[in-house]
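Student: Okay, handing you the structure first.
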């Protein structure tokens, strides 16, 4: 018995897994048309490399990966490309996205392909390239390109490889059935992963104890492989990556970090099968096991489903009763999202199509007020306080939400599941996360704008200062030039300049006698102007208009004032010189 | 084919708020039964009267607030508040005491704050305290327990009880008497052993006070049922009872005349068990995290003991709960659990996580 750790919280919803396990994995007839979305994974969408009307073979690449985080797409069957356009895809918003439509020719003819018989002798880099070219993205739900996970870089040595066979969501049995029927190939796939990662010390295959048949199927194949099959008590959401890592290793991933940072690579067990098919058989990822279940379907079982198969095609072959169906879910009842249309295709991450009846999953009841009963906090696997997060979500208090670690919520839905008031808690958290991310984004933008503005402001001021400096420099240069030209007419030396300045200063100093004479002259002049003005006034008074008389009166006044001023100046002058004279006498 | 767009999770546990509330109501049955056996029909009349008043008030206010009346009445929260208030009030209290308290609980303490989920204070305890302060005589007149009634006197029958409550008839002599907490408080000068020998409330008791120990056992039984069904966690109740026990042990004082009484007496007297399992577990007005509820419960336990031992009131659960309600948001700020992937618990008020 290998030691496991127990995560906090968790819930035990009815498993409902037996319904789809009564029959082995089946095959569906090839649909007439298949729709391959260009984005079925995390990262950049693929870009179509075929044209409408082109004939393609099964397994032929129809879209190239773009950029480092992306995967290519392959034709799931042979036929012709009938459209490359936006179509509704499996997304919670029901949005449209670019898709390639293939009209099947019914022959299902494979393209030439070849695998590697002995991968042990191939370099990890080459195997990673095969996996990347096969278009493999995590098939557990997130769809992260597997090749990137397997190439964590030298600075992050991988010590532990975890294979996630938890399948903790109710209803889903895709992994369970695949393990029961394909254990040998899955173990071979794990061997390839181990080889790529340089044979990590621990290879742990985590599986819930509600799958004893699967565990029994694995046992004979794991002998001498170094793989430990670790079973642990069934509890939702043990299959969350963070939860599973804790259960198997007792280590928590630091908030915001990746498993690789802790020396761990975590791969879904369905992905290991796809990797085996890619490496050993040379087949790209063009089909997967998908559970078709729910009471609105007469047949509940797993199908090996071609990627791009419309959900309606699956329903049509499962005795689907639309009137009885309360909702159509892609994924499980806890984290799956509802489909508004059955025309959307199965993609690389589609592990289940759930078509429940009204008695299985009735319509939601209206939400009642939160009474903070705390059942959600007891159920939360991340030890959050969902009731407080809800409270602050309603108040849009972003600071409090972040202090309550909103972004550590994995949206498993355990809180909403137990909420006695039927509050769609997860929906509130998604909304708040979106709002906070938007606000952060806007803050970055406004910071940029402010920085730009401030820089602009600074630049303008600098330009103004530069101009001013230039002007000053020019003025100085001009003055220097003037001074140079002045001194060059006289003597060139500094002593000459000083002498010249002194000469100018002495010249300015006026002889007091001369000054007195000048004042006396100005008084005489003023006296004369006053007499003239009076005469003019007298003359005018007899025969001119009042207006002119007024002007002349003013002229007389002003002449008198000037005379007075001149007399005052002379008096001052005399006074000053008296003092000077007496000083000289002393 | 078109289908409904519904957010995940799609599965939902069967439990709803009304079921939680109904379970709480069922869990009060042992306590109510003990009260009725020990003190007559009074408590049952209180409960019925309080429930009728509360439901009428709740419906009227919801109607005033233009909300769907039936939808809100179906959550049973008003009934729970009323039942708890009815259980807390003295049996055979005049009808208007019950009506006023019940109205105050629902209209002022609950609906004016926004209704279910938004009241900062425990509505039943607000109603109780308003009555205790406004009508001290009616609120401190208790019935004697069954076994302490004088010879030839019995608890009034149901008709007589109704007459006492509604028509103001006086109960027969000897039907009313002191409670254990009362008598302990007013037995100064006697050492604990003397009180236990002289006072039939204690001398005829199994381990705490006659009658009252049964009532507390009843509420304890109901509380254990709620704990087992995970309606609430053990943190609050255990912290309160633990704090009362610890305080009683610390201040036991060797059973001298100054001693406020033994731990057993305090745990099984007054509203200790009802408070621990039915009052402080009201999630709306309590602290939210488990750690917070430990502090919240302990605070109530300490306050109860302090007021009982050195305050003016013989019992104190209502005051202690209201005081702790004030403190709950503050406690919440500092008692966040440690989230997965974080090295330490955070404060609700911090802007950025400490490195």
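Student: Go through A:42, A:116, A:30 for me and flag whichever is in contact with a helix residue (DSSP H, G or I) (Cβ under 7 Å, 6 or more places away or on another chain), assigned to a loop (DSSP other than H, G, I, E, B) and touching a residue at least 60 places away in the same chain (Cβ under 8 Å). Outline the logic, then answer.
Tutor: Values: A:42 fails: in contact with a helix residue (DSSP H, G or I) (Cβ under 7 Å, 6 or more places away or on another chain); A:30 fails: in contact with a helix residue (DSSP H, G or I) (Cβ under 7 Å, 6 or more places away or on another chain).
Just a single option satisfies the conditions, and that option is A:116.
Student: Another question about this same structure. Residue B:130 - would you say it is in the same structural domain as residue B:81 (by TED's automatic domain parsing), more than 13 Å from residue B:40 (Cβ to Cβ) and in a helix (DSSP H, G or I)? Give the derivation first.
Tutor: On the way: in the same structural domain as residue B:81 (by TED's automatic domain parsing): yes; more than 13 Å from residue B:40 (Cβ to Cβ): yes; in a helix (DSSP H, G or I): yes.
Spelling it out, residue B:130 is indeed in the same structural domain as residue B:81 (by TED's automatic domain parsing), more than 13 Å from residue B:40 (Cβ to Cβ) and in a helix (DSSP H, G or I).
Student: Follow-up. Determine whether segment A:1-23 contains at least one residue that is more than 17 Å from residue A:292 (Cβ to Cβ), more than 14 Å from every other protein chain (Cβ to nearest Cβ) and part of a strand (DSSP E or B).
Tutor: No; the residues of segment A:1-23 include none that is more than 17 Å from residue A:292 (Cβ to Cβ), more than 14 Å from every other protein chain (Cβ to nearest Cβ) and part of a strand (DSSP E or B).
Student: For segment A:242-253, which positions are out of contact with any helix residue (DSSP H, G or I) (no Cβ under 8 Å at 6 or more places or on another chain) and either over 13 Å from residue A:160 (Cβ atoms) or part of a helix (DSSP H, G or I) (or both)? Steps first, answer last, please.
Tutor: So the first thing to find is which residues in segment A:242-253 are out of contact with any helix residue (DSSP H, G or I) (no Cβ under 8 Å at 6 or more places or on another chain), and the list is A:242-244, A:246-250.
Hits for segment A:242-253 are A:242, A:243, A:244, A:246, A:247, A:248, A:249.
Student: What about residue A:370, is it crowded, with 22+ Cβ neighbours inside 10 Å, under 20 Å from residue B:14 (Cβ atoms) and more than 28 Å from the chain's Cα centre (by Cα)? Full working, then the answer.
Tutor: Numbers: crowded, with 22+ Cβ neighbours inside 10 Å: yes; under 20 Å from residue B:14 (Cβ atoms): yes; more than 28 Å from the chain's Cα centre (by Cα): yes.
So residue A:370 fits the description; yes.
Student: Scanning segment A:358-392 for residues that are within 8 Å of chain B (Cβ to nearest Cβ) and assigned to a helix (DSSP H, G or I), which turns out farthest from residue A:321 (Cα to Cα)? Lay out the reasoning, then the answer.
Tutor: First pass over segment A:358-392, keeping only residues within 8 Å of chain B (Cβ to nearest Cβ): A:361, A:363-366, A:368-375, A:377-378, A:381-385, A:387-388.
Those left that are additionally assigned to a helix (DSSP H, G or I): A:375, A:377-378, A:387-388.
Details: A:375: 36, A:377: 38, A:378: 38, A:387: 38, A:388: 41 Å.
Within segment A:358-392, the match that is farthest from residue A:321 (Cα to Cα) is A:388.
Student: Name the residues in segment B:296-313 that are surrounded by fewer than 24 Cβ atoms within 10 Å (Cβ to Cβ) and either under 21 Å from residue A:387 (Cβ atoms) or out of contact with any helix residue (DSSP H, G or I) (no Cβ under 7 Å at 6 or more places or on another chain) (or both), would you?
Tutor: B:299, B:306, B:309, B:310, B:311, B:312
Student: Kindly indicate whether any position in segment A:267-283 is within 11 Å of another protein chain (Cβ to nearest Cβ), out of contact with any helix residue (DSSP H, G or I) (no Cβ under 7 Å at 6 or more places or on another chain) and surrounded by fewer than 24 Cβ atoms within 10 Å (Cβ to Cβ).
Tutor: So in segment A:267-283, the residues within 11 Å of another protein chain (Cβ to nearest Cβ) come out as none.
The answer is no; no qualifying residue exists.
Student: Which numbered condition trips up residue A:108, out of (1) within 29 Å of residue A:337 (Cα to Cα); (2) in contact with a strand residue (DSSP E or B) (Cβ under 6 Å, 6 or more places away or on another chain)?
Tutor: (1)
Student: In this structure, does residue B:275 turn out to be free of Cβ contacts under 8 Å to residues at least 40 places away in the same chain and more than 14 Å from chain A (Cβ to nearest Cβ)?
Tutor: Working: free of Cβ contacts under 8 Å to residues at least 40 places away in the same chain: no; more than 14 Å from chain A (Cβ to nearest Cβ): yes.
Criteria not met by residue B:275.
Student: Further question: When you scan segment A:293-307, do you find a residue that is assigned by TED's automatic domain parsing to the domain that holds residue A:180, surrounded by fewer than 24 Cβ atoms within 10 Å (Cβ to Cβ) and part of a helix (DSSP H, G or I), even just one?
Tutor: no
Student: So, one more: Given the structure, is residue B:79 at pLDDT 95 or above and closer than 23 Å to residue B:315 by Cα?
Tutor: Working: at pLDDT 95 or above: yes; closer than 23 Å to residue B:315 by Cα: no.
Taking the combined requirement at face value, the residue does not satisfy it.
Student: Further question on the same structure: Any residue at all in segment B:188-203 that's surrounded by 17 or more Cβ atoms within 10 Å (Cβ to Cβ), outside any helix (DSSP H, G or I) and either modelled with pLDDT of 95 or more or within 23 Å of the chain's Cα centre (by Cα) (or both)?
Tutor: no
Student: Further, regarding this structure: Looking at segment B:66-99 only, could you name the residues that are over 22 Å from residue B:35 (Cα atoms) and surrounded by fewer than 23 Cβ atoms within 10 Å (Cβ to Cβ)?
Tutor: Kept after step one, since they are over 22 Å from residue B:35 (Cα atoms), are these residues of segment B:66-99: B:66-77.
B:66, B:67, B:68, B:69, B:70, B:71, B:72, B:73, B:74, B:76, listed by residue number.
Student: Which one of A:90, A:65 is modelled with pLDDT under 95, buried (at least 16 other Cβ atoms within 10 Å of the Cβ), touching a helix residue (DSSP H, G or I) at 6+ places or on another chain (Cβ under 9 Å) and within 14 Å of another protein chain (Cβ to nearest Cβ)?
Tutor: Of A:90, A:65, the one residue that is modelled with pLDDT under 95, buried (at least 16 other Cβ atoms within 10 Å of the Cβ), touching a helix residue (DSSP H, G or I) at 6+ places or on another chain (Cβ under 9 Å) and within 14 Å of another protein chain (Cβ to nearest Cβ) is A:90.
Student: If I go through segment B:161-181 residue by residue, how many of them are in a helix (DSSP H, G or I), farther than 15 Å from residue B:138 by Cβ and touching a residue at least 24 places away in the same chain (Cβ under 8 Å)?
Tutor: 4
Student: Now a separate question. Check off (1) within 14 Å of chain A (Cβ to nearest Cβ); (2) surrounded by fewer than 16 Cβ atoms within 10 Å (Cβ to Cβ); (3) under 20 Å from the mean Cα position of the chain (by Cα) for residue B:288 and give me the number that stays unchecked.
Tutor: (2)
Student: Among the candidates A:339, A:328, which residue alone is within 7 Å of another protein chain (Cβ to nearest Cβ) and either touching a strand residue (DSSP E or B) at 6+ places or on another chain (Cβ under 6 Å) or more than 20 Å from residue A:18 (Cα to Cα) (or both)? Full working, then the answer.
Tutor: On the way: A:328 fails: either touching a strand residue (DSSP E or B) at 6+ places or on another chain (Cβ under 6 Å) or more than 20 Å from residue A:18 (Cα to Cα) (or both).
Testing whether each residue is within 7 Å of another protein chain (Cβ to nearest Cβ) and either touching a strand residue (DSSP E or B) at 6+ places or on another chain (Cβ under 6 Å) or more than 20 Å from residue A:18 (Cα to Cα) (or both) leaves just A:339.
Student: I would also like to ask the following. Mind checking which residues of segment B:26-51 are outside any helix (DSSP H, G or I) and farther than 15 Å from residue B:164 by Cα? It would help to see each step written out before you state the result.
Tutor: Going through segment B:26-51, the residues outside any helix (DSSP H, G or I) turn out to be B:28, B:40-41.
Within segment B:26-51, just B:28 meets the criteria.
Student: Further, regarding this structure: Here is a check on your reading of the model: is residue A:135 under 25 Å from the mean Cα position of the chain (by Cα) and surrounded by 24 or more Cβ atoms within 10 Å (Cβ to Cβ)? Working first, answer last.
Tutor: Numbers: under 25 Å from the mean Cα position of the chain (by Cα): yes; surrounded by 24 or more Cβ atoms within 10 Å (Cβ to Cβ): yes.
Spelling it out, residue A:135 is indeed under 25 Å from the mean Cα position of the chain (by Cα) and surrounded by 24 or more Cβ atoms within 10 Å (Cβ to Cβ).
Student: Here is a further query. Given (1) closer than 17 Å to residue B:42 by Cα; (2) in a helix (DSSP H, G or I); (3) without any contact (Cβ under 8 Å) to a residue 24 or more places away in the chain, identify the lone condition not met by residue B:153.
Tutor: Looking at each condition in turn, residue B:153 falls short on (2).
Student: Among the candidates A:239, A:198, A:256, single out the residue that is farther than 21 Å from residue A:155 by Cβ and either part of a loop (DSSP other than H, G, I, E, B) or more than 14 Å from every other protein chain (Cβ to nearest Cβ) (or both).
Tutor: Working: A:198 fails: farther than 21 Å from residue A:155 by Cβ; A:256 fails: farther than 21 Å from residue A:155 by Cβ.
Just one listed residue meets the conditions, A:239.
Student: OK, next. Does segment B:10-24 contain any residue that is touching a helix residue (DSSP H, G or I) at 6+ places or on another chain (Cβ under 6 Å), assigned to a helix (DSSP H, G or I) and either more than 7 Å from chain A (Cβ to nearest Cβ) or without any contact (Cβ under 8 Å) to a residue 24 or more places away in the chain (or both)?
Tutor: The answer is yes, given that some residue of segment B:10-24 is touching a helix residue (DSSP H, G or I) at 6+ places or on another chain (Cβ under 6 Å), assigned to a helix (DSSP H, G or I) and either more than 7 Å from chain A (Cβ to nearest Cβ) or without any contact (Cβ under 8 Å) to a residue 24 or more places away in the chain (or both).
Student: From the list A:295, A:302, A:268, pick out the single residue that is touching a residue at least 24 places away in the same chain (Cβ under 8 Å), closer than 24 Å to residue A:414 by Cα and more than 35 Å from the chain's Cα centre (by Cα). Steps first, answer last, please.
Tutor: On the way: A:302 fails: closer than 24 Å to residue A:414 by Cα; A:268 fails: more than 35 Å from the chain's Cα centre (by Cα).
The match here is A:295.
The values are calculated or read from the model by the stated rules, or taken from the named source; none is laboratory data. Being a predicted model, the structure only gives us computed values, none of them experimental. Glycine gets a Cβ as well: all are built from the backbone with ideal geometry, and neighbour counts include every protein chain shown.
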